[in-house]
Protein chains: 2
Amino acid sequence: MIHKEQEKENESLTMDNLNPYILGVSDAVRGPTVVRAVEIEQQLKNNFNQFPFNRVIRANIGDPHASFNQSPITYIRQFVAGCTYPPLMDMSDFPIDIKQRVERLLNACSGKSLGSYTESQGIVTVREDIANYIECRDDYPANPNNIYLCNGATEGIRLVLKLLMNNNQNKPSGIMIPIPQYSLYSDTLSLYGAYQIRYYLDEDNNWALNLNELQRAFDEAKEYCIPRGIVIINPGNPTGQVLSSENIKMVIQFAYKHKLFILADEVYQENIYFTDSKFYSFKKIMMDLGLPYNQMQMASFHSASKGWHGECGSRGGYYELINLSKEVRIQVNKLVSASICSTAWGQVIMNAIINPPKKGEPSYELYEKERSDVLNRLKEKANLITDLFNSVEGVHCNRVMGSMYAFPRIDLPEKAIEYTKSLNMTPDTFYCFQLLEKTGICVVPGSGFKQQPNTYHFRITILSPTDEIKQIVDQFRTFHKSFLREWK
Amino acid sequence: MIHKEQEKENESLTMDNLNPYILGVSDAVRGPTVVRAVEIEQQLKNNFNQFPFNRVIRANIGDPHASFNQSPITYIRQFVAGCTYPPLMDMSDFPIDIKQRVERLLNACSGKSLGSYTESQGIVTVREDIANYIECRDDYPANPNNIYLCNGATEGIRLVLKLLMNNNQNKPSGIMIPIPQYSLYSDTLSLYGAYQIRYYLDEDNNWALNLNELQRAFDEAKEYCIPRGIVIINPGNPTGQVLSSENIKMVIQFAYKHKLFILADEVYQENIYFTDSKFYSFKKIMMDLGLPYNQMQMASFHSASKGWHGECGSRGGYYELINLSKEVRIQVNKLVSASICSTAWGQVIMNAIINPPKKGEPSYELYEKERSDVLNRLKEKANLITDLFNSVEGVHCNRVMGSMYAFPRIDLPEKAIEYTKSLNMTPDTFYCFQLLEKTGICVVPGSGFKQQPNTYHFRITILSPTDEIKQIVDQFRTFHKSFLREWK
Ligand SMILES: Cc1ncc(COP(=O)(O)O)c(C=O)c1O
Ligand SMILES: Cc1ncc(COP(=O)(O)O)c(C=O)c1O
């Protein structure tokens with residue numbers, strides 16, 4: 001017993017002395033509904049089925065290979081396997097363009113091995129290919145020295161936010177973030193002790209950004225923080241919107257006026273479904289605007305996790321930093337080199353993605369087929385899911401123009417809302433738990449991304465196979481009706 | 001011109017408003033001598049040779065595949081290639097045990113693809129294998145739930161240090177770090193605004209830790225910070241020492257007395273060369289000590305980068321967290337899940353390393369041969385380099401017992417020391433620059449790792465081929481003599 005007390009007394013890490021900022025971190029996308037989903041899956045596995053369904057549908061995370069068994073793209077995997085184990089180039093019947101690419105890539109690695117640390121910013125050849133990709137996309141030059149490979153866009157976003165943290169003045173740094181937003185942003189700002197300047201996306205206007213709302217958020221926050229940057233997620237997560245060039249122009253001009261560093265989260269740039277939508281990068285619009293806007297500082301993030309290939313596990317990603325002064329660049333490079341480098345395998349996968357086989361190369365045809373298959377299915381499903389949700393009474397869903405998600409708004413009965421107060425749970429969380437228990441469909445409550453007060457949403461991926469999507473929405477429709485009935 | 005001024009005025013990220021903590025980050029291992037080395041390499045490549053040598057010897061970084069073209073271990077790469085591109089299991093003549101391992105690993109991944117995000121802590125099967133590895137190593141149980149995969153030990157170390165940061169009181173958190181040390185620690189603490197409690201390793205006692213010195217450092221620091229943790233690097237970087245079990249016991253008791261969280265950096269645990277040395281993990285000694293010590297909180301770090309295999313580019317790594325309370329664990333897991341997960345490829349490589357082929361399995365023989373070849377060569381070189389350096393006048397080098405480095409002390413002439421003051425450069429940096437310009441040998445000055453005032457060292461890897469090591473030390477001997485002559 002004495003020992004037991006002594007222990008407690010001698011604990012070096014306790015809830016009392018843990019870094020207090022960690023308490024503010026949420027875990028929206030992998031949070032309590034997902035924990036419950038895993039429990040249920042376990043029970044189903046053990047044949048202990050007291051549920052009215054026989055499998056959990058993981059529609060909570062944008063992870064194409066995971067729950068829906070989308071196959072990896074052959075070209076990407078052959079290239080990576082070849083770089084991993086070069087003797088395959090002799091042993092296998094990989095196409096000749098794969099072999100050439102493997103050779104070129106390995107020649108760019110120290111000791112011709114992915115097992116070496118790379119340059120801190122990333123393998124030069126990979127950065128050159130990325131610069132080339134950006135140039136083709138935007139029609140403006142890109143400099144490989146401005147490109148930084150990272151462990152998922154996540155790491156890059158964290159690092160760039162870190163640059164802007166200057167909390168030693170009498171006010172913390174403030175960053176404007178969209179609401180709803182991908183929770184990485186609010187979590188990282190909590191962890192950094194920064195101020196979240198929350199601006200609402202305009203749901204009635206297809207989740208566009210609104211100048212008055214930006215100005216309101218900025219003005220209200222000025223008292224509490226020093227505004228330093230603005231985050232835009234385009235195409236949107238969880239909202240699925242794709243911003244128009246006019247909207248982007250407005251945001252750039254707003255950022256210029258208020259000296260805000262732009263963080264353009266463009267990880268879904270290849271996920272565009274709606275025929276009237278087109279992806280415009282923030283960089284391109286900035287350049288189009290000419291002086292003085294084309295001199296603004298900004299970061300653009302991209303990832304290997306999304307697109308049609310969905311190589312989430314690789315944690316490949318990059319960011320482009322634009323218009324930093326030489327002095328600041330030196331500091332950034334120092335910070336980057338303190339982490340040595342990002343994973344070489346992730347860099348190679350990122351490379352494969354932004355530098356696909358060209359017409360006439362042996363790998364091209366299969367690649368094109370696999371790519372268009374996935375992309376066409378995604379387009380079909382984006383449209384289907386929008387229409388289906390809008391056909392349910394009490395549900396409104398903006399068109400899924402891009403990314404991987406629908407974010408329908410649900411009208412919840414007052415009685416249910418009242419009841420959840422007693423549970424110390426948000427109404428949408430309660431709703432999503434019920435949905436899971438009754439149907440096996442696992443989605444993320446809107447409160448995980450934040451939302452306008454007194455509105456309720458959930459985020460659901462569009463990744464399930466087409467016929468399953470119909471089933472899912474049918475099950476949802478039945479559930480929603482009975483929920484409304486129950487809480488009338 | 002107006003535009004130009006406007007720009008400056010409207011810059012959102014400048015040296016004046018950059019996160020001030022970044023200024024404190026160094027870049028020892030990839031710093032100015034390395035930048036110069038790259039310049040020289042470029043000039044040599046362009047046949048513009050005004051140097052008395054024709055290649056740069058990169059002895060600055062512990063990266064086996066890089067400069068010295070050590071081949072990857074066949075077993076590891078076949079396993080990873082198979083997991084990357086499963087059709088290889090039919091196409092190739094990979095041994096059957098590789099195929100079985102690939103199947104087992106992919107079955108543990110969502111959607112049977114490395115392209116899925118893994119569980120935030122890491123793939124369960126990988127964590128089980130790691131727990132098993134630790135159990136075999138220490139003869140004490142290990143729990144897969146205490147294991148966290150990370151992007152290189154680097155990421156894990158940063159995260160654990162983050163847990164201990166509680167700077168909101170009137171004093172910052174303080175962490176005890178060895179001097180000399182791997183600069184990741186001082187850099188991370190600078191970035192976090194924490195206090196570095198520097199304790200000196202005892203060079204006259206084979207770089208062991210000394211109780212009086214620990215106590216001195218602790219007592220002096222108490223005024224300026226709240227001491228929270230202690231870092232030990234064993235085997236040592238840059239020092240190459242391997243701690244005795246008695247020394248470790250002393251440290252654990254010291255940490256217990258002062259409620260310090262133990263961070264045991266054990267990434268070189270497989271790099272033991274000196275026949276009288278043995279690796280003891282901090283966990284094992286803590287458990288041996290019994291109550292109350294076996295209840296202490298600590299983290300142990302391991303990496304795929306080191307050992308004999310040297311898979312640095314994978315950024316595979318893990319840490320084991322011991323004896324955390326359930327509440328704290330929940331917070332840690334939340335923080336970990338905010339980064340989603342570490343690279344699946346890095347996890348697979350870590351898995352291959354800690355779960356090698358067993359006797360009787362088809363891959364075993366080649367694996368054993370490759371392993372013992374590299375390890376025997378490392379042993380030979382560790383001894384050779386120690387003896388060679390000690391044969392140079394004015395140089396003293398402790399025995400390289402483990403890790404990948406020698407850290408010889410050099411007596412520098414007063415005149416040289418005086419001169420470098422005028423250059424605003426540390427004497428050892430000046431010395432290392434001269435060594436590079438005269439011989440092409442690139443090493444890291446001791447000041448990059450910090451050292452006792454008025455002592456001078458450099459760190460050199462033991463990775464070069466054996467006959468090259470003789471040449472290197474010969475060149476060094478000639479250089480050192482002429483340096484002493486020049487500055488007499
Ligand atoms: C908007 C957004 N940004 C960044 C990320 C992080 O992606 P990565 O896997 O590259 O870290 C995600 C992942 O879902 C995302 O949705
Ligand atoms: C002592 C020590 N710890 C940690 C690391 C980081 O290793 P990695 O991040 O590659 O796993 C290194 C790398 O050299 C090291 O020497």
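So which residues in segment A:253-269 are open to solvent by less than 30 Å² (accessible area, probe 1.4 Å) and either over 24 Å from A:I226 (Cα atoms) or in a helix (DSSP H, G or I) (or both)? Steps first, answer last, please.
Step one: of segment A:253-269, the residues open to solvent by less than 30 Å² (accessible area, probe 1.4 Å) are A:254-255, A:260-269.
Residues satisfying the conditions are A:F254, A:A255, A:E266, A:V267, A:Y268, A:Q269.
Cβ-Cβ under 9 Å, sequence separation 6+ or interchain: first residue in segment A:116-136 and away from chain B (no Cβ under 11 Å), partner open to solvent by 30 Å² or more (accessible area, probe 1.4 Å) and within 16 Å of ligand 2 (Cβ to nearest atom). Which pairs?
From segment A:116-136, the pairs are A:R127/A:E119.
Which one of the conditions (1) within 16 Å of ligand 2 (Cβ to nearest atom); (2) without any contact (Cβ under 8 Å) to a residue 40 or more places away in the chain does B:N247 fail to meet, given that it meets all the rest?
(1)
Condition first: surrounded by fewer than 24 Cβ atoms within 10 Å (Cβ to Cβ) and out of contact with any helix residue (DSSP H, G or I) (no Cβ under 8 Å at 6 or more places or on another chain). Now tell me which residues in segment B:236-252 satisfy that.
Listed by number, the residues that qualify are B:S244, B:E246, B:N247.
What are the pairs, 6+ residues apart or on separate chains, where a residue within segment B:60-79 that is closer than 14 Å to A:L106 by Cα has its Cβ under 6 Å from a residue that is surrounded by fewer than 24 Cβ atoms within 10 Å (Cβ to Cβ)?
From segment B:60-79, the pairs are B:H65/A:G111; B:A66/A:S110; B:A66/A:G111; B:S67/B:R58; B:N69/A:G111.
Of the conditions (1) more than 8 Å from every other protein chain (Cβ to nearest Cβ); (2) modelled with pLDDT of 85 or more; (3) over 29 Å from the mean Cα position of the chain (by Cα), B:N47 clears all except one; give me its number.
In the conditions (1) more than 8 Å from every other protein chain (Cβ to nearest Cβ); (2) modelled with pLDDT of 85 or more; (3) over 29 Å from the mean Cα position of the chain (by Cα), B:N47 misses (2) alone.
So which residues in segment B:297-348 are at the interface with chain A (Cβ under 7 Å from one of its Cβ atoms), away from ligand 1 (no atom under 16 Å from the Cβ) and open to solvent by less than 10 Å² (accessible area, probe 1.4 Å), if there are any at all?
Of everything in segment B:297-348, those that are at the interface with chain A (Cβ under 7 Å from one of its Cβ atoms), away from ligand 1 (no atom under 16 Å from the Cβ) and open to solvent by less than 10 Å² (accessible area, probe 1.4 Å) turn out to be B:Q297, B:G310, B:E311, B:C312, B:G313, B:S314, B:V328.
Which residues, taken from segment B:200-237, are touching a residue at least 24 places away in the same chain (Cβ under 8 Å) and part of a strand (DSSP E or B)?
Residues satisfying the conditions are B:Y200, B:A208, B:I226, B:P227, B:R228, B:G229, B:I230, B:V231, B:I232, B:I233.
Determine whether B:V400 is in contact (Cβ under 8 Å) with a residue 40 or more places away in the chain, open to solvent by less than 10 Å² (accessible area, probe 1.4 Å), more than 16 Å from ligand 1 (Cβ to nearest atom) and touching a strand residue (DSSP E or B) at 6+ places or on another chain (Cβ under 7 Å). Working first, answer last.
Values: in contact (Cβ under 8 Å) with a residue 40 or more places away in the chain: yes; open to solvent by less than 10 Å² (accessible area, probe 1.4 Å): yes; more than 16 Å from ligand 1 (Cβ to nearest atom): yes; touching a strand residue (DSSP E or B) at 6+ places or on another chain (Cβ under 7 Å): yes.
Considered against the rule, which asks whether it is in contact (Cβ under 8 Å) with a residue 40 or more places away in the chain, open to solvent by less than 10 Å² (accessible area, probe 1.4 Å), more than 16 Å from ligand 1 (Cβ to nearest atom) and touching a strand residue (DSSP E or B) at 6+ places or on another chain (Cβ under 7 Å), B:V400 comes out as yes.
Looking at this structure, is A:L164 facing chain B (nearest Cβ under 10 Å) and under 21 Å from B:E11 (Cβ atoms)?
Values: facing chain B (nearest Cβ under 10 Å): yes; under 21 Å from B:E11 (Cβ atoms): yes.
So A:L164 passes the test.
Does segment B:385-394 contain any residue that is of a type in the set (F, W, Y), in a helix (DSSP H, G or I), away from ligand 1 (no atom under 16 Å from the Cβ) and open to solvent by 60 Å² or more (accessible area, probe 1.4 Å)?
In the first step, residues of segment B:385-394 are kept if they are of a type in the set (F, W, Y); the result is B:389.
Retained after the next criterion (residues that are in a helix (DSSP H, G or I)): B:389.
If we keep only those that are away from ligand 1 (no atom under 16 Å from the Cβ) as well, we get B:389.
Applying the additional criterion that residues be open to solvent by 60 Å² or more (accessible area, probe 1.4 Å) yields none.
No: segment B:385-394 contains no residue that is of a type in the set (F, W, Y), in a helix (DSSP H, G or I), away from ligand 1 (no atom under 16 Å from the Cβ) and open to solvent by 60 Å² or more (accessible area, probe 1.4 Å).
Out of the residues in segment B:14-43 that are open to solvent by less than 30 Å² (accessible area, probe 1.4 Å) and not in a loop (DSSP other than H, G, I, E, B), state the one that is nearest to the other protein chains (Cβ to nearest Cβ).
Step by step, filter segment B:14-43, then rank; the result is B:I22.
The values are calculated or read from the model by the stated rules, or taken from the named source; none is laboratory data. Computed from a predicted structure; not experimentally measured. Glycine gets a Cβ as well: all are built from the backbone with ideal geometry, and neighbour counts include every protein chain shown. Surface areas here come from the heavy atoms of the whole protein model, side chains and all, with no ligands, DNA or RNA. Shrake-Rupley method; radii C 1.70, N 1.55, O 1.52, S 1.80 Å.
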